[in-house]
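The values are calculated or read from the model by the stated rules, or taken from the named source; none is laboratory data. Quantities reported herein were computed from a predicted structural model and do not represent experimental measurements. No Cβ is skipped: glycine too gets one built from the backbone with ideal geometry, and neighbour counts run over all protein chains shown. To get the accessible areas, we keep the full protein, side chains included, count just its heavy atoms, and leave off ligands, DNA and RNA. Shrake-Rupley method; radii C 1.70, N 1.55, O 1.52, S 1.80 Å.
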Amino acid sequence: MACLGHYCEEFILSSMSGQSEIGDFECTDIFASLKIAAMEGLVDQMGSNYKFGHDQIQLAAYSLIPENERGNWHLWIGCRVWENKSASPDKALFIVVSQLNKGASRMTDTLQMIQLAGLNLQAAEKSISLGAFVPAEFYLKKGIGLLGQKPWADHYDLYLKLYSSCAEVELCIGNFKEMDVMLDKVFSNATCLDDKIDVYFTLVSALHSQGKMNQSLEVGLAVLSQLGESFPTYSDIKSIIVVEYAKAKQMIGDKTDEEIVTMKAIDDDHKIAAMRLMFILAHTSFLTSRDVYALIVLRMVQTSLNHGICDECAFGFAAFGALMSSLFKDISGGYRFGQLSLRLLDRAKSKKCLPGVYAVVYTFIHPFLDHYRASLEPLEYAYNTGMRCGNISFAMSAVCQYCIHAFYCGEELATIQTMITKYGKIMIEHNQGQFYKFLLPYRHAVLDLMGHQLGPNQLIGDGMNEDHLLEECLQLKGTRAAAVIYHIRSWVAYVFGNYDLASKMMEERQVITLMSSPPFLSCSFLFVEGLISFQMAQQTGQAKWKALAYKSIEGMKEYALHAPSNCHHKLLLLQAESASLAGDCDDAVRSFDDSISSASEHGFIQDQALAYERAGIFYAKQGNTDTAAHYYNQAHCKYSMWGAKRKADCCLRKHDQS
């Protein structure tokens, strides 16, 4: 029992009971011996299982076995348990592999060593399925070590699986140096594309994880071409997108959801591989080339309709729904395919695609119709699932959106700060820093509102500032990240009354053309830039600001029509500012109060606070100081409840001055 550790289950002991002797020791009745040990207080019996009374007792018992005999004991136990594994095969596998690995130095039979390498592979595959990547790495390296320097040709399939799986595990752990060693072995010894395809998946994912997005996309598209799926990287890609979208719509025709969900499974291995690779590249291209991303998504849908269903189809239809909603403005159609993708997930053999599907559905589709807050739990679940199944990149994407959604939902700022700090650390630990960069502008805004720094231009900590981040994002063609930074800058500047800076940042943001954006971001663009435009129209009287302001109202009407819980209060505040600009005081009063009530009803405390403050400014301009003081006081209370201490103090000063 000491060879097994401090704890042992009955079925393991039963497999050894009554067996032949080892060396000078023979025990025909293990359980009788354990009963005596229990009476002496050396072991504790817990039902039918046994545990040493103390770790030191187990160590002392183990030390009684001569060192030169321990390997034989471990081999004997491993073989006996494997012979009697039927009672609990999964548990037996790990115990057997552990015991045989400890006794491997005593093995002299080459066939036994090959068989043990295969058992280590089985244990690794089981560990991977449980999300236990560090143990999986140990088993795989042990298996590789057991093969020694034997020629690949002698054990080709075993070598291929061990090295390919180890490369994938090193990717999940974030150990890219070791991963490269494993990849080189496979690329040097694999004899055909089919045998290299798994390590190509790993390579493309690894380049993405290391921030080498363009290289990842280049390698992935080259492999897709070998699989029979070529993509144009020239000409007018936007026109091609329109054509391919129309083609996909035509292929869908009048098919019902039930007909799509029950389509046959893909039986072409190259098409399955292409779908897997397009799933990986969709994430990469989303961050680097939205045009290529759209083409990949449309090809995934077309491939599914032509050849059948596989696990990755769920993502293809989810991303197709997002394109319909964001790019082609078909919100109901987008919602349909978002729901369809969730049904396809139920048919999937694994949960590896779930993080990507949830990240798309609950970031790009559901917020068009549902409250932002309804996305929080699914996005958190997507993160946890991705971390368990090894889909680290999409897990980080999901948790990045989880933090951003929480910010736009009006969660308490200290909570947002804690979330960004917690998940940012995990992102860095897993070499996924590109996602942390997306969170930095929000972290800066949170700290600024809480009063932890002085100005809206510099990020504290992290060895970087926003200007450096902007430059880096633009060099990587990360225009969405740049747009977000300008947007957050403009919003913070507006909140703190620095309207000239706000308008400057707004104009910088509008220079960047985005193919499509999540609804919460597009809505925020309209809302903040509409408010800034009304303020600048008040200050300057320039027609361009009025035009931009009224355009924001028209855009916000569309969002409020589909998702009033997210956008109606924003529309009302813009309309209040419009009435104020036009001198319609009665309408302004009604709209300010309605905006406050609507924001309160739907839980947007930050927008409620802002509406109170803007109403206070309106009344102060009218010379109604008592009413202005009331609204400033309410703004102070709401900002304080949100955790925006610095901003709340600003409102308090306005209250004192009114």
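How tilted is helix 290-307 with respect to the longest principal axis of the chain? Cα atoms for both, answer in degrees (0 to 90, nearest 10). Once rounded, one gets 60 degrees. Rg/Rh, computed from the Cα trace of the range 70-123 with Rh as the Kirkwood radius, has the value 0.94. Rounded to whole numbers, the Karplus 3J(HN,Hα) couplings from phi for the range 146-157 are 5, 6, x, 9, 5, x, 4, 4, 6, 9, 4, 4 Hz, using 6.51 cos²θ - 1.76 cosθ + 1.60 with θ = phi - 60°, and x at Gly and Pro.
Matching the structure-derived Rg and Dmax of the Cα atoms in Å against the labelled list (i) 42.2, 130; (ii) 30.9, 104; (iii) 27.7, 88 gives the label (ii). Annotation: extensible slack from SER88 through GLN149 equals 18.5 nm (criterion: 0.36 nm per residue apart, minus Cα-Cα distance). Label-to-label distance, ASP586 versus VAL511, with points set 7 angstrom from Cα along the beta-carbon direction: 4.6 nm.
State the dimensionless ratio Rg/Rh of the range 67-193 (Rg: radius of gyration of Cα atoms; Rh: Kirkwood radius).
Details: Rg = 15.0 Å, Rh = 15.1 Å.
Answer for the range 67-193: 0.99.
Among TRP545, TRP82, TRP491, the sequence by solvent-accessible area, most first, with a 1.4 Å probe is TRP82, TRP491, TRP545. When Rg and the Kirkwood radius Rh are both evaluated on Cα atoms of the range 236-389, their ratio Rg/Rh stands at 0.94.
Three semi-axes describe the equivalent ellipsoid of the range 322-390; taken as square roots of 5 times the Cα gyration tensor eigenvalues and ordered largest first, they are 21, 14, 9 Å.
Carbon and sulfur: what percent of the chain's accessible surface (1.4 Å probe)?
Details: 14210 of 27840 Å².
Result for the chain: 51 percent of the exposed heavy-atom area is carbon or sulfur.
In debye to the nearest 20, how big a dipole does the chain give about its Cα centre with +1 on each Lys and Arg Cβ and -1 on each Asp and Glu Cβ?
Values: 58 positive and 72 negative charges, 217 e Å.
Approximately 1040 debye in magnitude.
Please give the helix 625-642 orientation as an angle from the longest Cα principal axis of the chain, in degrees from 0 to 90, rounded to the nearest 10. Approximately 10 degrees, to the nearest 10.
Can you give the net charge of the other residues whose Cβ lies under 10 Å from the Cβ of MET300, counting K and R as +1 and D and E as -1? It would help to have the intermediate numbers written out before the result.
Numbers: positive: ARG299; negative: GLU229, GLU312.
Combined, the nearby Lys, Arg, Asp and Glu give -1.
Between VAL243 and GLN539, the FRET efficiency estimated from the beta carbon spacing at R0 = 41 angstrom works out to 0.30.
For the peptides 279-285, 70-76, 311-317, the ranking by mean Cβ contacts within 10 Å, running from highest to lowest, is 311-317, 279-285, 70-76. Rounding to the nearest 10 and keeping the result within 0 to 90°, find how far the Cα-based axis of helix 237-252 lies from the longest principal axis of the chain. Helix 237-252 sits roughly 70 degrees off the main axis of the chain. Label sites at ASP109 and ASP593, each approximated as a point 7 angstrom past Cα along Cα to Cβ, lie 9.1 nm apart.
Could you tell me the calculated FRET efficiency between ASP257 and SER225, based on Cβ-Cβ distance and R0 = 25 angstrom, to the nearest 0.05? The computed FRET efficiency comes out at 0.15. Within the same chain, aspartates and glutamates fewer than 8 places from LYS271 are excluded, and of the rest, those with a Cα less than 16 Å from its Cα are ASP194, ASP195, ASP198, GLU229, ASP311, GLU312.
Straightening the chain between LYS212 and ASP180 buys 10.1 nm, computed as 0.36 nm per residue apart minus the Cα-Cα spacing. For the range 142-262, the normalised intensity computed at q = 0.10, 0.11, 0.14, 0.16 Å⁻¹ comes to -0.48, -0.56, -0.77, -0.87 (log10 of I(q)/I(0), Debye sum over alpha carbons, equal scatterers, no solvent). Near ALA265, the amide H atoms lying under 5 Å from its own belong to ILE309; only residues 5 or more places off or on other chains count, and H is placed 1.01 Å from N.
For the range 539-657, the Stokes-Einstein estimate of translational diffusion at 4 °C and a viscosity of 1.567 mPa s comes to 89 µm²/s, using the Kirkwood hydrodynamic radius over alpha-carbon pairs. Paramagnetic label reach from ARG343 (point 7 Å along Cα→Cβ; backbone nitrogen cut-off under 16 Å): within the range 246-269, residues 252-265.
Across the range 600-609, coupling constants 3J(HN,Hα) worked out from phi with the 6.51/-1.76/1.60 Karplus curve, θ = phi - 60°, read 5, 4, 9, x, 9, 5, 5, 6, 5, 4 Hz, and Gly and Pro carry x.
Taking the Cα centre of the chain as the origin and placing charges on Cβ (Lys, Arg +1; Asp, Glu -1), which of TYR436, LEU158, TYR381 is farthest toward the positive end of the dipole? Value: TYR436. 3J(HN,Hα) couplings calculated from phi for the range 124-129 with the Karplus curve 6.51 cos²θ - 1.76 cosθ + 1.60 (θ = phi - 60°) are, in sequence order, 5, 4, 5, 5, 4, 5 Hz; Gly and Pro show x. Between CYS192 and LEU561, the modelled label-to-label distance comes to 5.6 nm, taking each label 7 Å out from Cα in the direction of the beta carbon.
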